[in-house]
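Notes to accompany the following structure.
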Amino acid sequence: MTRATETTDIISKHLPGVKKISTDLLREGAPIEPVPPVSHWKPEAVQYYEDGARIEAAFRNYIHRADAKQEEDSYEIFVCHANVIRYIVCRALQFPPEGWLRMSLNNGSITHLVIRPSGRVALRTLGDTGFMPPDKITRT
């Protein structure tokens, strides 16, 4: 997670006073076997079970409504890799999570999910790189 850690450090410099937490739950991995299957990426089946349980735990731990007593908007920034982001977006929007590989995200892109107090979820941005110079946009 070197890139994610470096990105977190850069962001933190611009958000003084914001608490920074590191968690293994958001580490990159193979969240669930994609449907339809892809030929260019085939991790061992056991990896889906190990990574999938961890990434699902991240979703359940971090993607939820605010406490009913909360009166002001709150924001959380997650710095992680594309597989985790795509899976979380599918789960948050109640799309079949097996479709996570149907989305493509550039490195360093921004995805913005909104969770309303009612539980409604909106995807404001997926994989935005409009803030980057074109020669800096990459995908792995």
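Below is a table of values for the structure above.
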read-out	value
Kirkwood estimate for the range 12-59, i.e. one over the average of 1/r between Cα atoms, Å	12.7 Å
Coil-residue trypsin sites (Lys or Arg not before Pro) of the range 93-132, DSSP, other Cβ within 10 Å capped at 11	120
Probe 1.4 Å, protein heavy atoms only - accessible area per residue of the range 1-77 in square angstrom	80 Å²
Heavy-atom accessible surface of the chain: percent carbon and sulfur, 1.4 Å	53 percent
Ratio Rg/Rh [Cα only; Rh per Kirkwood] for the range 77-140	0.99
Kirkwood Rh, angstrom, the range 32-140 [1 / mean 1/r, Cα pairs]	15.4 Å
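The values are calculated or read from the model by the stated rules, or taken from the named source; none is laboratory data. Every value quoted in this text rests on a predicted model; they were computed, and no experiment measured them. Cβ sites come from the backbone with ideal geometry, for glycine too, and all protein chains shown count toward neighbours. Note: areas computed on protein heavy atoms with side chains; ligands, DNA, RNA excluded. Shrake-Rupley method; radii C 1.70, N 1.55, O 1.52, S 1.80 Å.
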